[in-house]
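Please treat every number below as a calculation from the coordinates, not as lab data. These figures come from a predicted structure and were not determined experimentally. Counting neighbours? That spans all protein chains shown, and the Cβs are built from the backbone with ideal geometry, glycine included.
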Amino acid sequence: MGKPFEEFDHSGDIGIDVWGEDLAGMLANATLGLFSLVCRNTPEPVIDRDIRVESSSAEDLLVDWLSEAISLMGVHGEVYRSVIIKRAGEWFAEGVLSGEKTDPRRHDLRFDVKAATYHGLSVEWTADGCKGRVIFDL
């Protein structure tokens, strides 16, 4: 399947194309893509944060999931390195994000991602699995 995600520039913002074997895999890879936009190096996995989202479509699930991850980073002042999707079904997902408190002296911070947007958003199923596209507001 190649790379799990690929960045692209979009009018002063940034987006990712993301792939997974299924919806859960695509969500996990989208989350890792988000983390790579926020921090270039790898935070230590010393803090776990539960994440759960319910939505009305695959597209809403992608935006809502990434929005919740962005919110958790902001509320707790943390950067994350990994995600485990514990359960995913038709338009819901729950899992755990792992990372640590943000420390600008140690973390190579990249972008201040404010939101996952609906602009250019897509989720589609292909012969290889699930593909998504999301643009982030910086």
Treating only Lys and Arg (+1) and Asp and Glu (-1) as charged, each at its beta carbon, one finds that the chain has a dipole about its Cα centre, in Debye to the nearest 20, of 440
Longest principal axis of the chain (C-alpha) makes with the long axis of helix 23-38 (C-alpha) an angle, in degrees to the nearest 10, of 30
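Between E44 and S71, what's the calculated FRET efficiency when r is the beta-carbon distance and R0 is 30 Å? Round to 0.05.
Details: r = 21 Å, r/R0 = 0.71.
About 0.90, to the nearest 0.05.
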Could you give the nm distance between label points at K86 and S122, where each point is 7 Å from its Cα heading toward the beta carbon? 3.4
Using Cα atoms only, what is the angle between the long axis of helix 58-76 and the major principal axis of the chain, expressed in degrees (0 to 90) to the nearest 10? 10
In square nanometres, what is the average projected area of the Cα convex hull of segment 73-138? 6.1
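Assuming R0 = 22 Å, can you tell me the calculated FRET efficiency for the pair L138 and D22, based on Cβ-Cβ distance, to the nearest 0.05?
Numbers: r = 29 Å, r/R0 = 1.33.
Efficiency, rounded to the nearest 0.05: 0.15.
Output the direction-averaged projected area (hull surface divided by four) of the convex hull of the alpha-carbon atoms of the chain, in nm².
On the way: hull surface 30.7 nm².
Directional mean of the projected Cα hull area for the chain stands at 7.7 nm².
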Computed [θ] at 222 nm, deg cm²/dmol, the chain (DSSP H ≥ 4; -39,500 (n - 2.57); rounded to nearest 500): -8500 deg cm²/dmol
